[in-house]
């Protein structure tokens with residue numbers, strides 16, 4: 001959805017991949033699904049904190065809102081900034097509106 005909106009993005013399926021990429025570049029915004037394959041979102045937010053990531057993290061989850069709250073608490077201890085969460089299933093227009101609010105995409 002990001003790429004179709006003209007926003008450069010790079011998907012990752014594991015914490016290891018995501019954190020290795022963060023060592024190469026610093027995106028302004030990260031969309032993090034708390035249900036990563038073979039990984040744990042807490043592992044990612046701890047890695048972001050250790051790397052002093054200064055951008056905004058938007059968490060996504062199909063689970064109970066308390067799951068997002070727990071991940072946010074873990075990241076807040078390391079000074080991470082969290083933006084508006086996305087709860088699955090979400091509509092494409094809901095996601096794109098959030099992308100617009102982040103300033104990543106230009107209005108059409």
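When a/c is below 1.5 the answer is rounded, else prolate if a/b is larger than b/c, else oblate, so apply that to the stretch 34-95 with a ≥ b ≥ c taken from the square roots of the Cα gyration tensor eigenvalues. Note, shape of the stretch 34-95 comes out prolate. Between residue 88 and residue 70, the modelled label-to-label distance comes to 1.7 nm, taking each label 7 Å out from Cα in the direction of the beta carbon.
What the Kirkwood sum gives for the chain is a hydrodynamic radius of 14.2 Å, with every pair of different alpha carbons counted.
Put a dot 7 Å past the Cα of residue 56, heading toward its Cβ, do the same for residue 10, and the two dots end up 2.2 nm apart.
Where a number appears in this text, it was derived from the coordinates with a stated rule and is not lab data. If you're wondering where the values come from, they're calculated on a predicted model, not measured in any experiment. In this analysis, Cβ positions are derived from the backbone assuming ideal geometry, glycine residues included, and neighbour counts consider all displayed protein chains.
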